[in-house]
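Below you'll find the structure, written out as C-alpha cells, and then a few comments.
The values are calculated or read from the model by the stated rules, or taken from the named source; none is laboratory data. Quantities reported herein were computed from a predicted structural model and do not represent experimental measurements. Here Cβ is always computed from backbone atoms with ideal geometry, including for glycine, and neighbour counts include all displayed protein chains. Ligands, DNA and RNA are stripped out before the accessible areas are found, and what is left, the full protein with its side chains, is counted by its heavy atoms. Shrake-Rupley method; radii C 1.70, N 1.55, O 1.52, S 1.80 Å.
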Amino acid sequence: MPICFAIKQSNPAIDYIEVVSTISSASAGPGTRKNISQYITSTQKAIRDMLGISSAKVIINITPAIPPIHMRTSILVDSEAISSESETRSSIEDIASRVRSYCPGYYTSVSLHQLGAKTICQVQVTGSGHYLPAYAGNLDIINCAALEVIKNL
C-alpha cells in the first residue's frame, strides 16, 4: 500500500494498479495459506477505496525455491498514466524511507522501470532475523507495521 500510495500521489490519472507479491513457501505457514483469498480481496479493496482507483488486481505467488527467497512485491501501472518519472521516483523513495524507519529491511529493488505498456516498481523486504528467518520479510513487515501503529496510539 505505501508504494501504491506514492505512485498514485504523483500520478492522479492512474486508475489501475496491479500488485504481484512473491514469498517463500517456508515463510507461508497454515495461517498465511488459509487467508490468501482474504488477503487478495482486502488488498484489492484497500487499493480501490483508499486510493480512489477503479480497478486493482492482486496476485500472490508462493515459491518453493531453495534457498528460500526474500519477499518481493511488484507494483505495475499503465505507463501512459505516469505524468513525471522523476517526481514518481522521488515519491517512491520518500515513502520507502518512511517505511524503512520502522521496517529496516524494506527497500526498492526496482525504483521505477518502463516495460512497454506497463511501468513497474519493486520492493523487497528482508526480515530482521531476530525471531524469524531473514527470508520471512512478509511476516516481519506485518509485525513492524503493527508495532509502529501501537507506538503512535
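Here are the numbers:
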{"item": "Restricting segment 108-133 to residues that are aliphatic (A, V, I, L, M) and open to solvent by less than 40 Å² (accessible area, probe 1.4 Å), the residue that is farthest from Ala81 (Cα to Cα)", "result": "Val125"}
{"item": "Tally of residues being open to solvent by 60 Å² or more (accessible area, probe 1.4 Å) and not charged (D, E, K, R) across segment 134-153", "result": "7"}
{"item": "Filter pass, Ile53 being outside any strand (DSSP E or B) and either within 21 Å of Thr108 (Cβ to Cβ) or touching a residue at least 40 places away in the same chain (Cβ under 8 Å) (or both)", "result": "yes"}
{"item": "Every residue from segment 100-141 that is out of contact with any helix residue (DSSP H, G or I) (no Cβ under 7 Å at 6 or more places or on another chain) and in a helix (DSSP H, G or I)", "result": "Arg100, Gly137, Asp140, Ile141"}
{"item": "The one condition in (1) open to solvent by less than 30 Å² (accessible area, probe 1.4 Å); (2) farther than 26 Å from Ile66 by Cα that Gly105 fails to fulfil", "result": "(2)"}
{"item": "Output for segment 85-102, where each listed residue is in contact with a Cys (Cβ under 7 Å, 6 or more places away or on another chain) and either open to solvent by 90 Å² or more (accessible area, probe 1.4 Å) or farther than 22 Å from Ser55 by Cβ (or both)", "result": "Tyr102"}
{"item": "Any hit, segment 62-84, residues being in a helix (DSSP H, G or I), open to solvent by less than 80 Å² (accessible area, probe 1.4 Å) and more than 21 Å from Leu147 (Cα to Cα)", "result": "yes"}
{"item": "Matching residues, segment 1-42, being loosely packed, with under 15 Cβ neighbours inside 10 Å, among the small types (Gly, Ala, Ser) and more than 28 Å from Ala81 (Cα to Cα)", "result": "Gly29, Gly31, Ser37"}
{"item": "Residue within segment 43-58 that is basic (Lys, Arg), within 19 Å of Ala146 (Cα to Cα) and open to solvent by 50 Å² or more (accessible area, probe 1.4 Å) present", "result": "no"}
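Okay, residues lined up against (1) touching a His at 6+ places or on another chain (Cβ under 9 Å); (2) at pLDDT below 95:
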residue: Arg48; (1), (2): no, no
residue: Ser55; (1), (2): no, no
residue: Ser91; (1), (2): no, no
residue: Gln124; (1), (2): yes, no
residue: Ser128; (1), (2): no, yes
residue: Tyr135; (1), (2): yes, yes
residue: Leu147; (1), (2): no, yes
residue: Leu153; (1), (2): no, yes
